[in-house]
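> Mind looking over this structure? Questions follow.
The values are calculated or read from the model by the stated rules, or taken from the named source; none is laboratory data. What you see is a predicted model, and the numbers here were worked out from it, not measured in a lab. Positions of Cβ are generated from backbone atoms using ideal geometry, with glycine treated the same way; all protein chains shown enter the neighbour counts. The accessibility values were calculated without ligands, DNA or RNA, using every heavy atom of the protein model including side chains. Shrake-Rupley method; radii C 1.70, N 1.55, O 1.52, S 1.80 Å.
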Amino acid sequence: MTANYRIDKSRVHITGISMGGYGAYTAALDHPDKIAAIVPLCGGVNDSDTNRICTLKDIPILTYHGTADKEISTHETKRIADFLNKCEGNIIFQRIAGEGHGIQYLYETEYWICEWLLMKRKSL
C-alpha cells in the first residue's frame, strides 16, 4: 500500500476486533519496525507466538476486552499484557466490565482512541 498510496510511514497503525485483533498482533509481531501503534479489540496471539510477544515491547498498544466475552477469553489479552509487563512493554489493557464480544462500538464512542493513535509515530 505504501508503494501505491501517499501514506505517512511513520504513522502506520493497525486495529481489529476478534480475529482482526489477532491479525493486528500478528502483523505487529511480523513487522515491528513498520508499526507505530496497535489497537486490538478482544484479540490475542496463537500459542506458538507467545515466545515473540516481547518483540512488541516498543510498540504502543491500547487494547480492550469485555469481561463477559464468550467468544475469546479475556485471558488471551491478559497473557499478552502479562508478557509485555515483564519485558517493560508499552501496553494499556482496558477491561470492560460485563461486556461481551461485540465491543466494536468503541470505535464510534471512544473518540480518544483515534486521538491516541494520531499521537503515535514511529521513528524512521
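> Summing Lys, Arg as +1 and Asp, Glu as -1, what charge do residues with Cβ under 11 Å from the Cβ of Ile96 carry, Ile96 excluded?
-2
> A further question on this structure: Using only Cα atoms and rounding to the nearest 10 degrees, what angle (0 to 90) does helix 74-86 make with the longest principal axis of the chain?
In the chain, helix 74-86 runs at an angle near 50 degrees to the longest axis.
> For the chain, what is the mean residue ellipticity at 222 nm derived from helices alone (per DSSP H run of n ≥ 4: -39500 (n - 2.57); sum divided by total residues; nearest 500 deg cm²/dmol)?
Dividing the helical sum by the residues of the chain leaves -8000 deg cm²/dmol.
> From largest accessible area down, sort Asp82, Asp49; use a 1.4 Å probe on the protein chains.
The residues order as Asp82, Asp49, largest area first.
> What's the lysine pair count for region 1-117 at a Cα cut-off below 24 Å, pairs eight or more apart or interchain?
8
> If I compute solvent accessible area with a 1.4 Å probe over the protein chains, what percent of it on region 16-68 is carbon and sulfur?
Using a 1.4 Å probe with all protein chains present, region 16-68 comes out at 52 percent carbon and sulfur.
> Right, something else. Taking region 27-124, which chymotrypsin sites (Phe, Trp or Tyr not before Pro) meet the DSSP loop condition and have no more than 12 other C-beta atoms within 10 Å?
Passing sites in region 27-124 are Tyr105, Tyr111.
> When you have a sec, figure out the Kirkwood radius of the chain from all distinct Cα pair distances and drop it here in Å to one decimal?
It is 14.5 Å.
> I've got another one for you. Treating the beta-carbon of each Lys and Arg as +1 and of each Asp and Glu as -1, no other charges, what is the dipole magnitude of the chain about its Cα centre, to the nearest 20 debye?
400
> Which of Gly23, Thr67, Ala3 sits farthest toward the positive end of the charge dipole of the chain, with +1 on the Cβ of Lys and Arg and -1 on the Cβ of Asp and Glu?
Ala3
> When ligands, DNA and RNA are left out and all protein chains stay put, how many square angstrom of accessible area per residue does the chain have with a 1.4 Å probe?
Averaged over the residues of the chain, the accessible area is 57 Å².
> A further question follows. List the Cys residues of the chain that have no partner Cys with a C-beta closer than 4.7 Å.
So far as the 4.7 Å Cβ criterion goes, Cys42, Cys114 stand without a partner in the chain.
> Also: Quick check: with the 1.4 Å probe, what order do Arg79, Arg121, Arg11 take by accessible area, largest first?
Greatest to least solvent exposure: Arg121, Arg11, Arg79.
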